[in-house]
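Structure record follows, encoded as structure tokens.
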Amino acid sequence: MYDGQVAETSDQAGVLATAVRNNPEGSVEKLLAAADYLKTEAGSTKLASLGWCFGGQQSLNLSLNEQLDATVIYYGQLTDDPEQLKNITGPVLGIFGETDQSITVESVRSFEKALVELEIPNNITIYPQVGHAFANPSNSNYAADETVEAWDKTVTFLNDTLK
């Protein structure tokens, strides 16, 4: 995603992520190339995307542009645009925090409503009293119990979906 660059600080990661956000077509192109590699070169017969925060947004972006068997989004930016969401071909697991200021409960509920209206299977969880990046142990919002539960949901979801 970052053209070979590696961030060593959160500030550097922010700069790199902003560059990707400013070129969404380029990021989707890279995600599609990775999916194509997994299918053609690695022989993968099932594909899922999974990401946290910026990666959660990229997980959704891939799902909007590639036929995936499953999509997992941990507190990533969302859309409720049915024209975009209708491209999702597999179930969606969404993990969010109630007190997240950047991914609001309202935006999560709007996303979930759009998925339901499009009959896209989904499991959306909003953890009470936790904020953005609650599953990141280096973050001040880290919530250990919710992280363990969310990861268990993720593993079960992927195991069930990718059989």
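Starting from segment 128-149, keep only residues that are within 11 Å of I95 (Cα to Cα), then list their pairs with residues that are surrounded by fewer than 18 Cβ atoms within 10 Å (Cβ to Cβ) and small (G, A, S) whose Cβ atoms are within a distance under 8 Å, requiring at least 6 positions of separation or different chains.
As it stands, the answer is H132/S102, since those pairs meet every condition given.
Quick check on segment 40-61: of everything there that is of a type outside the set (D, E) and over 9 Å from the mean Cα position of the chain (by Cα), which residue is least open to solvent (accessible area, probe 1.4 Å)? Let's see the steps before the verdict.
As a first pass, look at segment 40-61 and keep what is of a type outside the set (D, E): 40, 42-61.
Applying the additional criterion that residues be over 9 Å from the mean Cα position of the chain (by Cα) yields 40, 42-48.
Values: T40: 85, A42: 60, G43: 50, S44: 42, T45: 129, K46: 82, L47: 15, A48: 45 Å².
Among them, the one singled out is L47.
Find the residue count for segment 40-82, including only residues that are closer than 20 Å to E29 by Cβ and not in a loop (DSSP other than H, G, I, E, B). So that I can check it myself, show each step before the final result.
At the first step, the residues of segment 40-82 found to be closer than 20 Å to E29 by Cβ are 40-42, 44, 47-51, 54-68, 71, 76-77, 79.
Imposing the further condition that a residue be not in a loop (DSSP other than H, G, I, E, B) reduces the set to 40, 48-51, 54-65, 71.
Within segment 40-82, residues that are closer than 20 Å to E29 by Cβ and not in a loop (DSSP other than H, G, I, E, B) number 18.
Report, by residue number, each residue of segment 154-163 that is open to solvent by 60 Å² or more (accessible area, probe 1.4 Å) and assigned to a helix (DSSP H, G or I).
T156, N159, D160
Step by step: first the residues of segment 9-28, then only those that are of a type in the set (S, T, N, Q) and in a helix (DSSP H, G or I), then the one that is modelled with the lowest pLDDT. Which residue is that?
Residues of segment 9-28 that are of a type in the set (S, T, N, Q), as a first pass: 9-10, 12, 18, 22-23, 27.
If we keep only those that are in a helix (DSSP H, G or I) too, we end up with 10, 12, 18, 27.
Numbers: S10: 83, Q12: 91, T18: 90, S27: 89.
Filtering segment 9-28 for residues that are of a type in the set (S, T, N, Q) and in a helix (DSSP H, G or I), the one modelled with the lowest pLDDT comes out as S10.
Do we have any residue at all in segment 65-74 that's charged (D, E, K, R), open to solvent by 50 Å² or more (accessible area, probe 1.4 Å), more than 26 Å from N136 (Cα to Cα) and at pLDDT 95 or above?
No, segment 65-74 contains no residue that is charged (D, E, K, R), open to solvent by 50 Å² or more (accessible area, probe 1.4 Å), more than 26 Å from N136 (Cα to Cα) and at pLDDT 95 or above.
Y37 versus (1) under 22 Å from K153 (Cβ atoms); (2) open to solvent by 10 Å² or more (accessible area, probe 1.4 Å); (3) in a helix (DSSP H, G or I): which is the lone unmet condition?
The one condition Y37 does not meet is (1).
Being modelled with pLDDT under 95, open to solvent by 60 Å² or more (accessible area, probe 1.4 Å) and in contact with a Phe, Trp or Tyr (Cβ under 9 Å, 6 or more places away or on another chain), is that true of even one residue in segment 112-131?
Restricting attention to segment 112-131, the residues satisfying the condition of being modelled with pLDDT under 95 are none.
Checked against the condition, which is being modelled with pLDDT under 95, open to solvent by 60 Å² or more (accessible area, probe 1.4 Å) and in contact with a Phe, Trp or Tyr (Cβ under 9 Å, 6 or more places away or on another chain), segment 112-131 yields no hits at all.
Cβ-Cβ distance below 7 Å, separation of 6 or more or different chains: which pairs start in segment 16-28 with a residue that is of a type outside the set (A, V, I, L, M, F, W, C) and end on one that is open to solvent by 30 Å² or more (accessible area, probe 1.4 Å)?
S27/M1; S27/N61
Closer than 21 Å to D160 by Cα, under 13 Å from the mean Cα position of the chain (by Cα) and without any contact (Cβ under 8 Å) to a residue 60 or more places away in the chain: which single residue out of I120, I103, I95 fits that description?
Values: I120 fails: under 13 Å from the mean Cα position of the chain (by Cα); I103 fails: closer than 21 Å to D160 by Cα.
Matching residue, one of I120, I103, I95: I95.
Would you confirm, using the coordinates I've provided, whether S102 is of a type outside the set (A, V, I, L, M, F, W, C) and either open to solvent by less than 10 Å² (accessible area, probe 1.4 Å) or assigned to a strand (DSSP E or B) (or both)?
No; evaluated as a whole, the condition is false for this residue.
What pairs come out if I take residues in segment 36-65 that are over 12 Å from G90 (Cα atoms) and without any contact (Cβ under 8 Å) to a residue 60 or more places away in the chain and pair them with residues that are among the polar types (S, T, N, Q) and part of a helix (DSSP H, G or I) whose C-beta lies under 6 Å away, six or more apart or interchain?
From residues that are over 12 Å from G90 (Cα atoms) and without any contact (Cβ under 8 Å) to a residue 60 or more places away in the chain, the pairs are G51/Q58; G51/S59.
The values are calculated or read from the model by the stated rules, or taken from the named source; none is laboratory data. All figures in this text were calculated on a predicted structure; none of them were measured in a lab. FYI the Cβ positions are ideal-geometry reconstructions off the backbone, even for glycines, and counts take in every protein chain you see. Only protein heavy atoms, including side chains, enter the accessible area calculation; ligands, DNA and RNA are left aside. Shrake-Rupley method; radii C 1.70, N 1.55, O 1.52, S 1.80 Å.
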